[in-house]
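K.L.:
Quick one: the structure is below, questions incoming.
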């Protein structure tokens, strides 16, 4: 169940933007309660009501479709379907497509009922034509039920990270980095290669 939209358990939702809460810790508390309560791992992708969207509605729908396909593939534990969403030239600080495939395979082996949530606060295009990249600023998380303990565990979470997508084979795919970035992340910055 989506705590911001009771009764809605899956799919696209319009979430209240985080900055509209008097205290951002409300979201942390909701997330913690959801983990403690042993939620069933519902997935949701949303665009903040005050989000900045610089692309046309068709492109927005295509980007949302990428993340809906990810939700479906992750819920089914379908490694090939999730990997089809990554660009051939995927590169995240040196991690390539084969590396991300191993990470997902290990996650599917260790966890069941994997789910993720994405709240987009900005969608913009950088460049044009075949060189265009979509930058999606996102806050979200991935969690799953441990096959060992049976407990729901947070696997990854991020705040205002940018997901980069590139057009390949006529569809948007997850790219990794946009351009050349240092292989070493700044101090205190965790990597988020899954998306």
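K.L.:
Consider residue 131 carefully, then state whether it is under 18 Å from the mean Cα position of the chain (by Cα) and modelled with pLDDT under 95.
P.N.:
No.
K.L.:
Taking the stated definitions as given, is residue 63 over 14 Å from residue 164 (Cα atoms) and either surrounded by 18 or more Cβ atoms within 10 Å (Cβ to Cβ) or out of contact with any helix residue (DSSP H, G or I) (no Cβ under 7 Å at 6 or more places or on another chain) (or both)?
P.N.:
Answer is no for this residue.
K.L.:
Kindly check whether there is at least one residue in region 95-111 that is modelled with pLDDT under 90 and touching a strand residue (DSSP E or B) at 6+ places or on another chain (Cβ under 9 Å).
P.N.:
yes
K.L.:
Related question: Among the numbered criteria (1) farther than 25 Å from residue 152 by Cβ; (2) exposed (fewer than 14 other Cβ atoms within 10 Å of the Cβ); (3) modelled with pLDDT of 90 or more, which single criterion is violated by residue 90?
P.N.:
It is condition (2) that residue 90 fails.
K.L.:
Working only within region 105-157, note down all residues that are assigned to a helix (DSSP H, G or I) and surrounded by fewer than 19 Cβ atoms within 10 Å (Cβ to Cβ).
P.N.:
Within region 105-157, 105, 106, 108, 109, 110, 129, 130, 131 meet the criteria.
K.L.:
Another one. Got a number for residues in region 86-124 being within 18 Å of the chain's Cα centre (by Cα), closer than 26 Å to residue 59 by Cα and in contact (Cβ under 8 Å) with a residue 24 or more places away in the chain?
P.N.:
So the count comes out to 16.
The values are calculated or read from the model by the stated rules, or taken from the named source; none is laboratory data. What you see is a predicted model, and the numbers here were worked out from it, not measured in a lab. Every residue, glycine among them, receives a Cβ derived from its backbone with ideal geometry; neighbour counts consider all protein chains shown.
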